[in-house]
Each structure stands twice: as structure tokens, then as C-alpha cells.
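To start, the structure itself, in C-alpha cells.
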Amino acid sequence: MPAGMDAESRQRLVEEAQETLVRALARSDRSIEEARRLLRDWRGEDPQGAQAPEDGSEEAADYEASLRLDDDETEQVIERCTELGYLDDFRLAELLVHKARDKKRSGIQGVERTLRDRHLSTEAIQEALAEIDRDDELERATELATERARRVTGVEPDAAIRRIAGFLSRRGYSAGVAFTAAREAVQGGPRTRRPSSGSAGVFFGVTPVE
């Protein structure tokens, strides 16, 4: 327990921190680790009538520490919010998978990246990824590639394939799936002739859009 507060004051600080976290969770879901980081950055209010010591002094450092949770207090808040259902990495992982797959149309690698970026537990990530239907990954990528091919035109087929594959890779599809889907979209799409006096090579006839 940081110096400068009795047990009752520390408990009030813990309760204040918990209220702050609950309000934050009401605004947006957080993983347990994100909540933990929020609490580590959190600082309680200065006690009424208290005067902070001069900056840079040892007393100032002790005073600042007294207004923050220690590790045990942080875990106390985390455990309580988990018990109350405010924090649930497994539930959050399921929501993030739904958003990434159905709204953003991300590939499996993109979904995994999203989950890891949110600092979810390893167990929650593994369970969420295991629930994804991997059999339709190529079908999803091809559908997205076909839509993209309507915009990436006016260039040679090989260049179009590379652009579309790069787009799919950024969406989180593996390189193999991305190039297979891109080839299918380009080779199965409409063709027009290059309007030139030279060779009549096949090309896509609209200005390319990134």
C-alpha cells in the first residue's frame, strides 16, 4: 500500500477507480488488459484541502503514488468487474470476429491481428479463431476481389492481379488466397482491346482507382 493513506482511504480510492472503469466500459468494450492499462494510468482526485508537495521532491513522488492504485488494488478492481460481467475477453473476441468478418470482410489473418491488437487473452483468441469457418475463405476473398476488379481497370492483367492481391492482403487474407482470388477475379472478368496502333493486347478499359 502506498504511503500517506489509511486502509479506509485506500478502499475509497479503489471504489473510485472501479466507478471510473465501469463508466469507461459503458462507453466502449475493453479487453481485460486494456482495462488494466487504463487503471495503471488512472489517478485519483486530490483529497479535499490537501496541498500537493513541491514537484521533484521525494514527498511529491510519494503523494503522487498515494493517488494511484498499486498492483494488488488494480487486480482487485479487474476481478470485481470480471465477476460483475463488465469484463469478458471471450465475449469481446466473439463481437470483434463478427465485426471483422461480416462488416469489414476481413480474412482470417486480419481477424487474428484485430484480436491481438486488442490485447485479448491467448485463450480467448484461440477459441474465437477456432469458431471461424475456414472453408469459405477463398470464396469470400474471390467475392471481394471481383468487386475490386471493377475499380482496378485500365492496366495489364498481371498488374491488376498484383493490385487486387495487395488489397486482399491488407484485408487480412493470406498471400496464397489473395493471389488465387485475384487471378480468378481478373481472368474471369470482362476484357476490352487496347486502343493503339501497335499490338492489340488485352487490358481493363477504365482508369484505375486505388
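The values are calculated or read from the model by the stated rules, or taken from the named source; none is laboratory data. All of these numbers come straight from a predicted model, not from anything done at the bench. When we count neighbours, we look across all protein chains shown, and the Cβ atoms used for this are built from the backbone with ideal geometry, even at glycine.
Counting only helices (runs of 4 or more DSSP H) wholly contained in segment 60-179, the ones carrying 3 or more residues that are of a type in the set (Val, Ile, Thr) occupy 71-83, 108-117.
Return yes or no: is Leu120 assigned by TED's automatic domain parsing to the domain that holds Ala185 and either in contact (Cβ under 8 Å) with a residue 60 or more places away in the chain or of a type outside the set (Ser, Thr, Tyr) (or both)? No.
Please enumerate the residues belonging to segment 71-87 that are among the acidic types (Asp, Glu), surrounded by 13 or more Cβ atoms within 10 Å (Cβ to Cβ) and within 18 Å of Ser9 (Cβ to Cβ).
Step one: filter segment 71-87 for residues among the acidic types (Asp, Glu), giving 71-73, 75, 79, 83.
Now restrict to residues that are surrounded by 13 or more Cβ atoms within 10 Å (Cβ to Cβ): 73, 75.
Correct list: Glu73 only.
If you go through segment 134-159 and pick out every residue that is touching a Ser or Thr at 6+ places or on another chain (Cβ under 7 Å) and over 15 Å from Ser106 (Cβ atoms), you end up with 1.
Going through (1) farther than 24 Å from Arg118 by Cα; (2) modelled with pLDDT under 95 one by one, Arg43 falls short only on (1).
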